[in-house]
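Presented below is the structure to which this report refers.
The values are calculated or read from the model by the stated rules, or taken from the named source; none is laboratory data. Remember, predicted model here, so these are calculated numbers, not experimental data. Backbone-built Cβ (ideal geometry, glycine too); neighbour counts: all protein chains shown.
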Amino acid sequence: MAQLLEILKKTTDAVHCREAQTQLEQAAASNLPEFLVQLSVVLANPQNDELCRFQAALQLKNHLVSNNSQTKLEYQQRWLMIDKGLRDQVKTNSRPSSIPQVIAAIAGAELPNGHWGEVIQALATNATDEKAAARFERTKEASIEAIGYICSDVKPELLSAQSNLILTSICSGLLANQNQYIRQAAITALFNSLEFVKINFEKENERSHIMQVVCNQTVKDPNNGDTDITIRTRAMECLVKIAMLYYEHIQNYMQEIFKITISSMDLSQPEQIILQAIEFWSTICDEEMDLILEAEEARESGQEPTRVSNAYADGALPHLCPKLTILLTQQDDDTNTDEWSPSKAAGVCLMNLANSCGNSILPQVMEFIGSNFENPKWQNREAALMCFGSILEGPSVENLKPAIDQAFPIIVKAMSDPSAAVRDTAAWFVGRVCDIVPEAVLNPNIFEHVLQAMVNGLADEPRVAQNICWAFSSLSDAAYDHAQNQLGTEDTPTTYCMSRFFGGIIEKLLVTTNRQDGNQENLRNAAYEAIMELMKNAPDDCYDIVLKTTEEVMSRIQNLFAMENGIDSSMMSQYHDMQGLLCATLTAIIRKVKPEHMNELSDKCMEYLLKMLAKSNGVGSVQEDALGAVGTLIEVVGKGFEKYMPHFKPYLILALENHAEIAVCIAGVGVVTDLCRAMGKDFKNYFEEIMTKMYNALISATIDRNVKPQIVAAIGDAALAIGPDFSQYLAPVMDALQQAASFEVSTNDYEMLDYQTDLRESCLDAFTGIIQGLKGTDENSNPQASQVRALEQYLPFIFDFLCKIAENTEDMTDSLLKNACGLIGDISMVFGSMIPQNQLMQAFSTQGVQSLLQLGNRSRVDRTKRLAGWAIRQIRKIERGQA
Amino acid sequence: MSENRQRQHKFSNKKDAARVNRREVAVQLRKTAREDQMSKRRNLAEDLNTSPLKTNSPDRNDDERQLPKSYDEIRSFFASGMPSQVRRACKACRKKLSASGNPPIDEIINEGFVRPLIQALYSTDNATQKEAAWALTNITCGNERQTAEVVNKGGVAALTHCFTNDEDPETVEQAIWAIGNIVGDGPRMRDFVIEAGIVTLIMPHIKSEQSNEFLANLTWMLSNLCRNKPPPKFEQVKPLLLPLNALLCWKDPKCNVDAAWALSYFSDGGDEYVEAMANVDGLIKQLMVLASSDKPKVMVPAIRALGNSLTGNDENTETIMNSGFLDMAAYMLNGSMRRADSVIKDVIWGLSNIAAGTPNQQHRLASRTDLLREVSDRLKGAEFKIRKECCYVFGNLVTSSKKLKKDDVYNLIMCQSIESVATILECNDTQLIEVALRFYKCMLELADQHNIDIFSAVEESGALDSFEALQMHQSDEIYSLAVHIVETWFCNEDFTNPETDEMAFKEPLHESNQKFAF
């Protein structure tokens, strides 16, 4: 014991601390339970040196939790393996000493496994027993603090049964007569407990009490003078969280919250308070936008929405806007920092207000914008631009366009403002307009002026130039769309309004990517992205420049390889960025280059891409982008890709085996589908090896699930490629597919529901690929001998699957419907001549199949409609005995 | 401060969004490639560009290359006046409007193509008529302004003209679809179309020889004719009842659903409307069958229609009851099957209307102990909207009449209504608290009248504590009701439970901070 104390003491002195650390580790390794008990004994004895006790607590905690979630789980299991007697000893020793983190760490391991249920009761007793608190004030504070840690750490459902105890403790800690440390601990605990006090929030009197307690902590205390700023901030954070969790319950308190938040946006208030007040309103906007969407969806499906927006944001607009615009102007001279500030938050809040309130924001801000555009103070000019740019998404184009048209000459001028901050925001504004109201920039009266100002801006500071690059990306997209709309087709237009300037812009962008300061503010990245967008959206008359850019990109890749050895480690990440960006640019170009030009290029392209993969140093983003380029190349060269396979296959296999970096794995699966389509029957040579790798990923329990739908769809592509030969793999593949098709989400988790939809869509793809593949393309073969008969035994499952999809109308998407109708048509087309008519007709006349076809027939999407019509006709043929 | 919020600032999100976008583009391109490949396998090329409704149309295959592409070309095709050119122009417009995503409705309008499309509806060529009707259908799918473009240029008359095409039912169906879109745009459009004589014109097409798809489409249009407030003029839509009844019984579920929706709107019009419905032989019975069909899509409108019908005069209520509403309700509320909250709410809403009916109707309801128990259970623990309706059932039953028989009062006690209504006293809906208080007042009166002791039941339910607390309520009505009840029935009692602390977690004793007026 004395020895342990000695060691613990040493950890606090710089000279011996490493040695002490090693000794402690040895002790833990040789007998962990004993070590933990010893530590707790040190902890429990108030006679011991305060620092030693602190170190003991720290050691104890570090053996119970970790920041790494996997390690934490292991630690928790390890703890539970320890003999119960010893564990109880540690728990008892830890309690009076009240080291909150230790208690929380133990509780974190015990509660989920059904142990130590009494801990909350014990802490609550400590927290509310005023006599105990009078003896030792720290007890109350530490107990509440421990409750707070437990609340943030343990799953809500384990605690909700004890919400009354928890709230009682917390509220007792928030009384005005408590010292500030207790109140700090209590408000933090309240913040952490909000998720699971739902039951209390649903009762009006309890809710009102909680709200009162929270609101009390947000203001200056009339008795004690200033309420501690940490407490006030935390209380404001509670309001934000309450708005998010309990929007439907806050109506009665809104007037009060409104007063609190508006007065908190005053310049006299501390920054943290202002930030939280703004955040409250941004959160209200988030909620109300969601509710408006929900209501729209409900109305579309003919139902009453279950919750509605109370339009608090609309009501508060006239009061919020003046406060927010003043905050926008509050910037120091050196503003270009990443630090979050009231001024930035105000901009974001205005954006959210505009998005949720629409046109009604205009009268609240236009006056401010107009009168500050040419204010002598740069802060005001910047604020006017910021304000205008922020609200662009909300109001209708008709209402906005006149104001933008009128402002554009001023904006163009602002792009050469003496203040970099103003130029920065002006450039961002132009980008926003290109994104949201492109018709305003495409207006022939100003188009060239804006374009000229943008090109000039590329040479400006990185923060300005970066915004310009994004603006070019959006602009090229909008201009291309406009040209297509004029033509009324989706074909490549012969020309568009940027054609005359295209070469010049590309040249400037290429120069920008080479700027010495290109790594600042994401400039290089933004410039390459702009080049990619321009390539993608190049009309016919810019094709020569696309080809020229190809040469430039190829030579840049060559230079990059030459540079590699001279790069020191600090530049490595920039080097990898460059690799990825060049691959992505190459992808955009290959997509555009005509096959006849690709022939000369493909060898060199592939040589470079293989080298890129070899030199990716395990960096996922580089591999992902390189694989993307390979996939595009495969699409262009088709069967001709075969000659690269011996060199490329090892990298593909590596990608498919890369379960840790899911983006790489997904990119690999994408390349597989490209290979299937390009090679057809010849894919057989690689089928088994590649299939095995994909199968492993599909059945893995630890892999990121988002790759699975892609794999399932790729299986369909592979089956289609190799044709009837697929039958030998049918059994294991169908086994895996049936499992995938049976996946069902039980919760209302939207992300999981989306995943379920993706997975189902892919299963339909796979079944379609397998049916069409097994059938083969030989029209003269004897249908009765066809390999596709092997699939017959699975048809009942497939029909059940279709009916399951039909039943779930809520999550129906058009692409799901399209695939379902397609599959129904495939089955009728392929099996129509094989299976007795009445048997098939019975399967097709179930309500599920019928409603899918009817829904498909009514789809607004042409492709879906066509497929449904086709399927209906196929079935009709069977009905009439014409199959 | 959440990181997500900070990413909303300026273009902080663009870099990551660009990569996400690249990935999505790759996924989309592959999907398209997969589809194209599949189209070839499916020999879809031959069947491209047939109308969505089509099943066996002898599609006059206009060669794709003969179709006008740019808007200028379309304009000159229309202007040529040559029937084949006009047909191609119509088809080109329709194809543009059928694009997925964002069809160029405004472009078609701004190019001035609405008028020639409407003119094409008068063509004698089926394909031209159909293409034009299809294109106009897609325009009327748009927003109100876009729909109004079609109506203002004489679209309704032209579309109803298509109804006279007796060669090609698909053209008629397409026209019905477009009309349905127009009617769905609100009461003004609806009444305009009705004034144009749609009801008479549509009648000849409602016949059993039509395909299911045709009838489903037509029924949907009819439901839009009945929809929206103020309701359409009674005399004008009354003729729709017989066909709607037929569609309600038709073998196609889609027709049943839309016919039920139509009737749910219809029944919302008022007594006159409901009475007319009740007079159609078998209509109410069929609604009852559909309401208990366990098919959610048709249940919801059928129950809504029945519930609406119960809000009318006593005779209508009687008709609905005699058609078996109480049995249907018992089946719906039976716990063995989980049903949607909105369905349960509508059923109980119906019961609450019966509870406000004639003494005989009240008696019939009050003798259904099975129903009372279901209502009482839900009053204690269901969604608030449902609890509200439950509260009205009990409230209406006892407050609107003193004539409840002793047995009925016993039934109310046995189903624990006293206990369950007590839970309402703690909510913050003033109107509902008032209903609950009146319930207790009348129950206590009825108990006196029939000499039944319910004091301890009221006290144990916690209601008494609530009465005490409600004497502090700011609403005069609630205040005086609470005072009245306590003073009349509970004044001489010796209360042993003075605590009014009902919070499950304890309120701290010394709260010296300022109070907020919420």
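Structure above, values below:
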quantity: Members of segment B:293-308 that are part of a helix (DSSP H, G or I) and either at pLDDT below 90 or among the hydroxyl-bearing types (S, T, Y) (or both); calculated: B:P296, B:K297, B:V298, B:M299, B:V300
quantity: Complete set of residues in segment A:820-832 that are over 16 Å from A:F797 (Cβ atoms) and either outside any helix (DSSP H, G or I) or within 9 Å of chain B (Cβ to nearest Cβ) (or both); calculated: A:G822, A:G825, A:M829, A:G832
quantity: Sole exception among (1) surrounded by fewer than 23 Cβ atoms within 10 Å (Cβ to Cβ); (2) touching a residue at least 40 places away in the same chain (Cβ under 8 Å) for B:W177, by number; calculated: (1)
quantity: Helices (runs of 4 or more DSSP H) within segment A:16-103 that include 2 or more residues of a type in the set (F, W, Y); calculated: A:69-81
quantity: All helices (runs of 4 or more DSSP H) inside segment B:181-247 with 3 or more residues being buried (at least 17 other Cβ atoms within 10 Å of the Cβ) and not aromatic (F, W, Y); calculated: B:187-195, B:198-202, B:212-226
quantity: Tally of residues being away from chain B (no Cβ under 14 Å), surrounded by 15 or more Cβ atoms within 10 Å (Cβ to Cβ) and under 30 Å from A:Y543 (Cβ atoms) across segment A:608-644; calculated: 11
quantity: Residue within segment A:557-567 that is in contact with a helix residue (DSSP H, G or I) (Cβ under 9 Å, 6 or more places away or on another chain), in the same structural domain as A:Q516 (by the TED database) and under 21 Å from A:Q466 (Cβ atoms) present; calculated: no
quantity: Count of residues meeting criterion [away from chain A (no Cβ under 14 Å), within 30 Å of A:I250 (Cα to Cα) and among the polar types (S, T, N, Q)] in segment B:410-449; calculated: 2
quantity: Qualifying position, being surrounded by 24 or more Cβ atoms within 10 Å (Cβ to Cβ) and either in contact with a Cys (Cβ under 9 Å, 6 or more places away or on another chain) or on the phi > 0 side of the Ramachandran plot (or both), among A:A667, A:A697, A:A714; calculated: A:A714
quantity: Test: residue in segment B:96-104 that is surrounded by 24 or more Cβ atoms within 10 Å (Cβ to Cβ) and more than 33 Å from the chain's Cα centre (by Cα); calculated: no
quantity: Filtered residue count, segment B:17-28, keeping only those that are more than 8 Å from chain A (Cβ to nearest Cβ) and of a type in the set (A, V, I, L, M); calculated: 3
quantity: Residue selected from segment B:86-128 under the condition among the hydrophobic types (A, V, I, L, M, F, W, C), part of a loop (DSSP other than H, G, I, E, B) and over 13 Å from B:Y71 (Cβ atoms), by the criterion farthest from the other protein chains (Cβ to nearest Cβ); calculated: B:L121
quantity: Wholly within segment A:833-883, helices (runs of 4 or more DSSP H) carrying at least 1 residues that are at pLDDT below 90, in contact with a Gly (Cβ under 9 Å, 6 or more places away or on another chain) and away from every other protein chain (no Cβ under 12 Å); calculated: A:837-844, A:862-879
quantity: Residue match in segment A:319-335 (condition: on the phi < 0 side of the Ramachandran plot, touching a Lys or Arg at 6+ places or on another chain (Cβ under 7 Å) and within 14 Å of chain B (Cβ to nearest Cβ)); calculated: no
quantity: Answer from A:I634, A:I590 - the residue that is β-branched (V, I, T) and in contact with a Phe, Trp or Tyr (Cβ under 9 Å, 6 or more places away or on another chain); calculated: A:I634
quantity: Residues (modelled with pLDDT of 90 or more and of a type outside the set (S, T, N, Q)) located in segment B:309-323; calculated: B:L310, B:E318, B:I320, B:M321
quantity: Residues located in segment A:318-330, provided they are crowded, with 21+ Cβ neighbours inside 10 Å and either more than 24 Å from A:K259 (Cβ to Cβ) or not charged (D, E, K, R) (or both); calculated: A:L320, A:C321, A:L324, A:T325, A:L327, A:L328, A:T329
quantity: Subset of segment A:166-189 (residues that are under 19 Å from A:V240 (Cβ atoms) and either surrounded by fewer than 20 Cβ atoms within 10 Å (Cβ to Cβ) or more than 12 Å from chain B (Cβ to nearest Cβ) (or both)); calculated: A:Q184, A:I187, A:T188, A:A189
quantity: Considering residues of segment A:1-15 that are assigned to a loop (DSSP other than H, G, I, E, B), among the aliphatic types (A, V, I, L, M) and without any contact (Cβ under 8 Å) to a residue 12 or more places away in the chain only, the residue surrounded by the fewest Cβ atoms within 10 Å (Cβ to Cβ); calculated: A:A14
quantity: Selection count where residues are crowded, with 16+ Cβ neighbours inside 10 Å and part of a loop (DSSP other than H, G, I, E, B), scope segment B:472-490; calculated: 2
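Yes or no, residue by residue, for (1) in contact with a Phe, Trp or Tyr (Cβ under 8 Å, 6 or more places away or on another chain); (2) surrounded by fewer than 18 Cβ atoms within 10 Å (Cβ to Cβ):
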{"residue": "A:L267", "(1), (2)": "no, yes"}
{"residue": "A:L275", "(1), (2)": "yes, no"}
{"residue": "A:I284", "(1), (2)": "yes, no"}
{"residue": "A:E287", "(1), (2)": "yes, no"}
{"residue": "A:L293", "(1), (2)": "no, yes"}
{"residue": "A:E296", "(1), (2)": "no, yes"}
{"residue": "A:E304", "(1), (2)": "no, yes"}
{"residue": "A:S309", "(1), (2)": "no, no"}
